[in-house]
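A short worksheet on the structure shown next.
The values are calculated or read from the model by the stated rules, or taken from the named source; none is laboratory data. Every value quoted in this text rests on a predicted model; they were computed, and no experiment measured them. Cβ placement follows ideal geometry from the backbone for every residue including glycine, while neighbour counts extend to all protein chains displayed. Surface areas here come from the heavy atoms of the whole protein model, side chains and all, with no ligands, DNA or RNA. Shrake-Rupley method; radii C 1.70, N 1.55, O 1.52, S 1.80 Å.
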Amino acid sequence: MPSCKTTLIALCSILLFGACSLNQAAISADQKLFEKEDEYILYALEYTRQSNYEKSRDIYIKLFDETNKSEYLLKALRFSIQLKDFELVKELCEENMQITQNEYEDMYRIYIVALINLEEFDKALIEAKKLLKAHNNILNYELIGNVYYMKKEFYEAAEYLESAYSVNHNPSTLLSLVNILYSFINEKEKAISYLETHIRLQGCSIEVCTKLLAIYQEEQNMDGAISILKKTYNTFKAQENFNGMIKVYKLLIAYLEKKDINEAIAFLEKNHIDDLKLIDLYKRANRMDEALTLVKKVYKLNKNIDLLAQIAILEFESAKDKRKVLKSVIKKFEDVLVILDNHVYQNYLGYLLIDYNINVKKGLSLVEQALKKAPNNLAYIDSLAWGLYKQKRCKEAKKHMKHIVDTIGLQDDEIKHHWKKIQECGK
């Protein structure tokens, strides 16, 4: 949870500059009171363009001193807020409050922001209430709420922020309110209700949806997290924010997989965002025909050689009569291994050559290549033992097979079959 001070500085900056942007064109066209006024304005604008806000601020102070135009003072104050020179803001405001009636509210609000950042909270609250009495509006309600927040008087802060949010429906106001309700006064359900209602009525702004997602994650509400991630994904999609879509998608698909793999598949089928992931999910859900159809489609488009190996695996795994597809599958693996030095495919092809007695010697050679890359892979060791058995090298086969059985037992039917045959070897 961010500190109160950090949070409020951000809130007050939004409050202040959202209402009073640094619009350089705002200088009034009043009759010049200072001979070099236009020249100084040009200098100030150029320094602003260069992001040299300190020099811009100093020029606006000079312009104010020479002309007494309050718009120059306001610009100097806003630059001082950006520069975090809060003592100067306080000094300038207290010296000039009475002569800037046209911009009284803007200036007073800046003054209160400075007091907050100087941690003069009691004074800030007194001044904020004076401001609200003179200018009864939502910005000033929110400002008082933020002062109470900094004073850690959270019930009072929530009261003012609720009043402000009920009128402005501003996401930043809402997040301030939710932070208090959820983290400080233990009104968690109310905080969640505010967020859910805002999203339903106002749409899924990223900051609001992100906050609700964080709460759902904290409370381990998987359905809520999935719902909000889908809304966030669709928001990014509507904005054509593809980087945002990818980030949200990765988290969403992880949640969907954990909840229900078929729901994850349905999402990917609808959105067409990750065909390779969809192929993987089809395989894990034992939907081999759909996986094979899709992998063939993707391979046709991009000719990725790795996908050719995936086609070979799926053709073999899904075939009712595996001998009918064996020749085609072996040819595909051989084509793949001309290009890829991949231990998974080396073992797969090697095992086929061994198991179907097509070329046991070549099969063992491929398995040994795979084992050089992954020497502790039990599936590869099983292939090795099975190849040694086929060559009647019974002692070596038993040694490797015993290691597998001692490690993982005999739960797997194929392991059990190999162990039985190898134990009988040489008898």
Open item on the list: Step by step: first the residues of region 364-377, then only those that are surrounded by 14 or more Cβ atoms within 10 Å (Cβ to Cβ) and out of contact with any Phe, Trp or Tyr (no Cβ under 7 Å at 6 or more places or on another chain), then the one that is nearest to THR407 (Cα to Cα). Which residue is that?
Closed with: ASN377
- [ ] Among the residues of region 321-356, count how many are aromatic (Phe, Trp, Tyr) and either surrounded by fewer than 17 Cβ atoms within 10 Å (Cβ to Cβ) or modelled with pLDDT under 95 (or both).
- [x] 1
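Table: residues versus (1) among the aliphatic types (A, V, I, L, M); (2) in contact with a Gly (Cβ under 7 Å, 6 or more places away or on another chain); (3) over 30 Å from VAL336 (Cβ atoms).
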site: ILE206; (1), (2), (3): yes, no, yes
site: CYS209; (1), (2), (3): no, no, yes
site: GLY224; (1), (2), (3): no, no, yes
site: LYS250; (1), (2), (3): no, no, no
site: ALA264; (1), (2), (3): yes, no, no
site: MET288; (1), (2), (3): yes, no, no
Task: Selected residue [buried (at least 20 other Cβ atoms within 10 Å of the Cβ) and under 30 Å from GLU317 (Cα atoms)] from TYR233, TYR282 - done: TYR282
Open item on the list: I'd like to know if region 87-104 contains one or more residues that are at pLDDT 90 or above, assigned to a loop (DSSP other than H, G, I, E, B), closer than 29 Å to ILE138 by Cβ and open to solvent by less than 50 Å² (accessible area, probe 1.4 Å).
Closed with: no
Task: Qualifying positions in region 167-209 - under 18 Å from TYR148 (Cα atoms), assigned to a helix (DSSP H, G or I), without any contact (Cβ under 8 Å) to a residue 40 or more places away in the chain and open to solvent by 10 Å² or more (accessible area, probe 1.4 Å) - done: LEU175, TYR182
- [ ] Determine, yes or no, whether ASN146 is out of contact with any Asp or Glu (no Cβ under 6 Å at 6 or more places or on another chain), in a helix (DSSP H, G or I) and modelled with pLDDT under 95.
- [x] yes
Task: Test result for ALA319, more than 26 Å from MET245 (Cα to Cα), of a type outside the set (Ser, Thr, Tyr) and in contact with a helix residue (DSSP H, G or I) (Cβ under 9 Å, 6 or more places away or on another chain) - done: yes
- [ ] List the number of the failed condition for ALA157; all other conditions in (1) open to solvent by 20 Å² or more (accessible area, probe 1.4 Å); (2) assigned to a helix (DSSP H, G or I); (3) within 22 Å of TYR182 (Cβ to Cβ) hold.
- [x] (1)
Open item on the list: Being at pLDDT below 95, among the hydrophobic types (A, V, I, L, M, F, W, C) and open to solvent by 10 Å² or more (accessible area, probe 1.4 Å) is true for just one of ILE126, ILE138. Which residue is that?
Closed with: ILE138
Task: Selected residue (only one of ASN262, ASN271 is open to solvent by 50 Å² or more (accessible area, probe 1.4 Å) and farther than 30 Å from LEU353 by Cβ) - done: ASN262
